[in-house]
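Here's the structure we're looking at; comments come further down.
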Amino acid sequence: MRSILNVIWLVLSGFWLALGYVAAGIVCCLLIWTIPFGLASFRIARYALWPFGRTVTDRPTAGLPSMLGNVVWFLVAGWWLAIVHVLTGVVLCATVIGIPLGIANFKLLPVALLPLGRQIVETR
């Protein structure tokens, strides 16, 4: 079932969301001090391509630098990526087959807003 949902996700929204994360990653990699944000964006792009079967958890070793980095991320890219997730989630929830995909979009909101200090893990 996960594979079917992932394929539908990839066709309807995953590819476009991943492109947004890649664009944010490229912008963040332009400056040396924002490269960690670019790497986080590329990591989330992989998750946005194939989200079912994986989940986001907090990293217990993340501290103050991650919190400060999340503030910078929010200002640079997080807010507009979150808006894209909300809009895509609402549109997908308008159809019966798109409801699980819309819910997956809403589950991506926390990592879109504050990605540092989180890790993506398999749910097996």
### Task
Mind listing just one residue for me: the one in the range 38-72 that is among the hydrophobic types (A, V, I, L, M, F, W, C) and in contact (Cβ under 8 Å) with a residue 60 or more places away in the chain and, of those, nearest to P100 (Cα to Cα)?
A48
### Task
Scan (1) more than 18 Å from I44 (Cβ to Cβ); (2) in contact with a Leu (Cβ under 8 Å, 6 or more places away or on another chain); (3) not basic (K, R) for the single condition N70 breaks and write down its number.
(1)
### Summary
Here the residues within the range 92-106 that are of a type in the set (A, V, I, L, M), in a loop (DSSP other than H, G, I, E, B) and closer than 12 Å to I8 by Cβ are I97
### Message
Looking at the range 101-120, I want the residues that are crowded, with 16+ Cβ neighbours inside 10 Å and have a partner that is part of a strand (DSSP E or B) and not hydroxyl-bearing (S, T, Y) with Cβ atoms under 9 Å, at least 6 apart or on another chain. Which pairs are those?
### Response
L108/V56; V111/V56; V111/R118; V111/I120; P115/V56; G117/D58; R118/V56; R118/D58
#### Entry: Residues of the range 43-58 satisfying the condition of being surrounded by fewer than 15 Cβ atoms within 10 Å (Cβ to Cβ) and at pLDDT below 85
G53, T55, T57, D58
### Query
Name the helices (runs of 4 or more DSSP H) wholly within the range 6-88 that hold at least 2 residues that are within 13 Å of the chain's Cα centre (by Cα)?
15-28, 35-49
#### Entry: Residue check, A94 surrounded by 14 or more Cβ atoms within 10 Å (Cβ to Cβ), out of contact with any strand residue (DSSP E or B) (no Cβ under 6 Å at 6 or more places or on another chain) and farther than 18 Å from S3 by Cα
no
### Message
For the structure I just gave you, tell me whether S66 is surrounded by 14 or more Cβ atoms within 10 Å (Cβ to Cβ), at pLDDT below 85 and either polar (S, T, N, Q) or touching a Lys or Arg at 6+ places or on another chain (Cβ under 8 Å) (or both).
### Response
yes
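The values are calculated or read from the model by the stated rules, or taken from the named source; none is laboratory data. This structure is a prediction, so every number in the text was calculated from the model and none was measured. For neighbour counting, all protein chains shown are included, and Cβ atoms are generated from backbone atoms with ideal geometry for every residue, glycine included.
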